[in-house]
1. Grab the alpha carbons of segment 76-187, take their convex hull, and tell me the volume per residue in Å³.
2. Given the convex hull of the Cα atoms of segment 43-138, what is a quarter of its surface area in nm²?
3. Please give the helix 45-58 orientation as an angle from the longest Cα principal axis of the chain, in degrees from 0 to 90, rounded to the nearest 10.
4. So what's the angle, to the nearest 10 degrees on a 0 to 90 scale, between helix 105-116 and the longest Cα principal axis of the chain?
5. Modelled label-to-label distance, Lys73 and Glu153, 7 Å Cα→beta-carbon offset: nm?
6. Taking the alpha-carbon set of segment 1-81, what are its Rg and Dmax in Å?
7. So what's segment 54-98 giving for Cα Rg divided by 2.2 N^0.38 Å, two decimals?
8. What is the local net charge at Glu90, summed over the other residues whose Cβ is closer than 14 Å to its Cβ (Lys, Arg +1; Asp, Glu -1)?
Amino acid sequence: MQTLKMVPTRVRVTSILKRAIYSGEYKSGQELSLTAIAEQLGISRTPVREAFQTLAAEGLITLRMSKGAIVNKIDQKFIQDTFEMRILLESTAAYKAAEKGLKDADTYITRLKDMESRLDSIDDKSYEELNQSVHMAIWEAADNQKLTTYLMELWNGPSTGHAIPEEQKHYRLSTEEHIQILENIRDHQPQAAKEAMERHIRRSEDNVLAYLGRKDS
């Protein structure tokens, strides 16, 4: 397999900020500094500015004239609406990928099984890179650029909290789900791939809603 497929920097930054908002790391009313975030991530301000624009369009933040932003209050309905769209689009991508085929499916499965065998020692960056690559490979196999573009806008990366046991549990379940999805795609079982992807995204939604409930309690 070639170098892991990675989402563009602006999409990666958007997903990092989106996860921070969903998990409550960034709280409602908190001011976000474009410059501070760029420095924290070790990148230029351009992809952060682009990420801010995407998040503002989704209603997650309100842009400020000072080149910063204010985090908006996120409720359960907002999360459910967002994940409903992701479920519809990404399960369709899995269905189409199973119809058309994904040439690197077995290689991805092998890498996932290898990671599964050493999850206790895997670092966040390695997990997230493989996670991104698996999803992108499925989007590309669906062979619909509009679909890929929309999914990139909805991408939020791993839906897990900050506690280590919770994170490890998510990594294990997510890896098992990725393997099942890819096996269905490899075996040209579109309906099974679609249903497996829907379960995968639905669990991510449940995680995010659980964090939201803790944040509001």
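The values are calculated or read from the model by the stated rules, or taken from the named source; none is laboratory data. Here the structure is a predicted model, which means the values were calculated and not measured. All Cβ positions, glycine included, derive from the backbone under ideal geometry; neighbour counts span all protein chains shown. Side chains included, ligands, DNA and RNA excluded: accessible areas come from the protein's heavy atoms. Shrake-Rupley method; radii C 1.70, N 1.55, O 1.52, S 1.80 Å.
1. Convex hull of Cα atoms, per residue: 99 Å³.
2. Dividing the Cα hull surface by four gives the mean projection, 9.0 nm².
3. Tilt relative to the chain: about 90 degrees.
4. Once rounded, the angle reads 60 degrees.
5. Computed distance between label sites Lys73 and Glu153 equals 2.6 nm.
6. Final numbers for Rg and Dmax: 13.2, 45 Å.
7. Normalised Cα radius of gyration, segment 54-98: 1.58.
8. 0
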